[in-house]
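Note sheet for the following structure.
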Amino acid sequence: MLKRTVRTLNITDKNGALVSFEVINDNEKIMYKQVFANASNANATFTSDADISPESLEKVVKFVYYDHPELFWLDNSFTYKYDTNNVVREVTLSFNETINYLDEAKNAFNNKVDEIVNEAAAYQDILDKERFVHDKLLTMVEYDTNAKLDQTAYSAIVLGKSVCAGYSKAFQYIMTKLGIPTYYVIGFSETDHAWNIVKLGNTYLNVDVTWDDQARYKYTFYNKKDNDFGDKHIRKDESLLLPSCS
């Protein structure tokens, strides 16, 4: 007999992390690919191809949620059915309101992303590309704790209002589209917070677009080493596994 359980991830502006695909086990990788494929196709319910526990499922859904900001319709809750051996047999993902107008939302999102990427691609040097994206987001996004869909890249890129999650996911996705590895980081910065790590050549550096949007000097929190941040940005949870910025 299958049991049905509802789980809501504690993934908000205040929590969550991105981790590398390599840190999960083989069965979790199978589930990761399933969650990604079904979320990409806006398919809510699917049968599990892997024998994993509810705890592993929760971890995998969280990883997909943070690794793929382009899946802006994917919400932070899900349900599942499991058998008497505590093995997940069926998963139902949850989507936010953009699922009701997904084609329109995707077009608006992708068109804006392509516009920014094409403008940034005109620069030859990756540092110039990065600076362009950083400055573009500062120009086009307003920090607003009442912003709709504020945990998504969509809120920043299309709606123009967001919080740190939206800023960071937007930066992550646009930079990744430019071929520059960029990671979503969670931690503590006066309060729970999110920012990015960017790989420039062989160097990893911290970028906090949100705080730069509040700062008098717009590069105050731009391309900083961990020591530069000191105790102002402290990583937590899976973000501790990301490369050091030294």
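Computed over neighbours whose Cβ is under 15 Å from that of Val158, the net charge equals -3, Lys and Arg +1, Asp and Glu -1. The relative contact order of the chain, computed from alpha carbon pairs under 8 Å that lie at least 6 residues apart in sequence, is 18 percent. One chain, two ends: Thr139 and Leu102. Fully extended at 0.36 nm per residue, the span grows by 10.7 nm beyond their Cα-Cα distance.
Rolling a 1.4 Å probe across the protein heavy atoms gives the chain an accessible surface of 47 Å² per residue.
For the chain, what is the charge dipole size about the Cα centre, in debye to the nearest 20, if Lys and Arg each add +1 at the Cβ and Asp and Glu each add -1 at the Cβ?
Details: 27 positive and 36 negative charges, 35 e Å.
In total the dipole reaches around 160 debye.
Ordering 59-65, 86-92, 150-156 by mean Cβ neighbour count within 10 Å, with the highest value first, yields 150-156, 59-65, 86-92. Taking only protein heavy atoms and a 1.4 Å probe, the accessible area of the chain is 45% carbon and sulfur.
In this structure, the residue pairs whose Cα-Cα separation is over 29 Å, taken from Lys81/Lys177; Lys59/Lys112; Lys106/Lys199; Lys81/Lys112; Lys33/Lys136, are Lys81/Lys177; Lys59/Lys112; Lys81/Lys112; Lys33/Lys136. Dipole check for segment 25-93: with +1 at the C-beta of Lys and Arg, -1 at the C-beta of Asp and Glu, and the Cα centre as origin, the magnitude is about 60 Debye. At 15 angstrom or more along the helix axis (alpha-carbon based) and mean Kyte-Doolittle of -0.5 or higher, what helices does the chain contain? Whole DSSP H runs only. Helix filter hits for the chain: 54-67, 126-140, 164-177. For a label point 7 angstrom out from the Cα of Asp231 toward its Cβ, which stretches of segment 178-193 have the backbone nitrogen within less than 18 Å? Label zone hits: 187-193.
The values are calculated or read from the model by the stated rules, or taken from the named source; none is laboratory data. Since the structure is predicted, the reported quantities are computational estimates derived from the model, not experimental observations. Note that each Cβ is placed from the backbone with ideal geometry, even for glycine, and that neighbours are counted across all protein chains shown. Quick note on the areas: whole protein, heavy atoms, side chains included, nothing else; ligands and nucleic acids left out. Shrake-Rupley method; radii C 1.70, N 1.55, O 1.52, S 1.80 Å.
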